[in-house]
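To start, the structure under review is shown below, and the notes come after it.
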Amino acid sequence: MTAPAEDHDGASLIAILDELTSLVTEARQMPMSASVLVNRAEALDLIAAAKGVVPGEIQAADDVLTGAEDVLAEARERAARLLQEAEEQAERLIAQENVVEMAGQRAEQIITAAEERAAELARGANDYCDRQLAQFEIDLGAIAKQVRAGRDRLATTDPAPGS
């Protein structure tokens, strides 16, 4: 015979159901019938023990399920944070790349403008030098004419030596 329901504290539902199955299968069979004689008190004790265990096992299963859901929620939150951090890092890298590209374009513009300005200044300097040299040429030509005229005058007014 089985022990009273109090002895089933801490037992699992499966163990209690196994015991109840054993009680029924090992019960004495009624002659000429499929019915068996089962000790009502023992069966009721096992059923009461099963009822007592079920809420605890359901609570344990709920706890496991809640724990799994918590872990899953935490994993999803972590994945979302990692994804957001990755997107932010990608945006920073793209922004840096854009800054570098824009700086390169601006540097090219500055270099092109400087080269154009240098060429313009060189043309201006060459023009200035050419104008100055042309003026010197004119001035030298005028001086050369004056020198020639002075020499010619001296040659015509110069008394001959010995006369």
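The values are calculated or read from the model by the stated rules, or taken from the named source; none is laboratory data. Everything quoted here is computed from the prediction, not taken from an experiment. Every residue, glycine among them, receives a Cβ derived from its backbone with ideal geometry; neighbour counts consider all protein chains shown. Side chains are part of the model used for accessible areas, which takes the heavy atoms of the whole protein and leaves out ligands, DNA and RNA. Shrake-Rupley method; radii C 1.70, N 1.55, O 1.52, S 1.80 Å.
Once C-alpha pairs closer than 8 Å and six or more residues apart are averaged by separation and normalised to the residue number of the chain, the relative contact order reads 17 percent.
Protein heavy-atom accessible surface, 1.4 Å probe, per residue over the chain: 83 Å². Taking the C-alpha atoms only, the angle from helix 13-25 to the longest principal axis of the chain is near 30 degrees. Only one item in (i) 24.3; (ii) 10.7; (iii) 13.1 matches mean projected area of the Cα convex hull in nm² derived from the coordinates shown, and that item is (i). Amide hydrogen proximity for Val36: with H placed 1.01 Å from N in the peptide plane, the residues at 5 or more positions away or on another chain lying under 5 Å are Met30.
Per DSSP H run of n ≥ 4, the term is -39500 (n - 2.57); total these for the chain, divide by its residue number, and report the mean residue ellipticity at 222 nm rounded to 500 deg cm²/dmol. Let's see the in-between values first.
On the way: 2 runs with 131 residues, N = 163.
Result for the chain, helices only: -30500 deg cm²/dmol.
Between Phe136 and Arg153, the simple label model (points 7 Å from Cα in the Cβ direction) yields a spacing of 2.8 nm. Model label points for Ala122 and Arg81, set 7 angstrom from Cα along the Cα-to-Cβ axis, are 6.2 nm apart.
You can think of it this way: the chain between Asp18 and Arg106 has 23.3 nm of extra reach, that is 0.36 nm per residue less the Cα-Cα gap. Against the longest principal axis of the chain, how steep is helix 40-157, in degrees 0 to 90 to the nearest 10, with axes from Cα atoms? On a 0 to 90 degree scale, this one is about 0.
In this rough spin-label picture, where each label sits 7 Å from Cα along the Cβ direction, the Ala113-Val36 distance is 10.2 nm.
What does the extension gain come out to for Gln29 and Leu72, with contour length at 0.36 nm per residue minus their alpha carbon separation?
Values: separation 43, 0.36 × 43 = 15.48 nm, distance 5.27 nm.
The span from Gln29 to Leu72 would gain 10.2 nm if fully extended.
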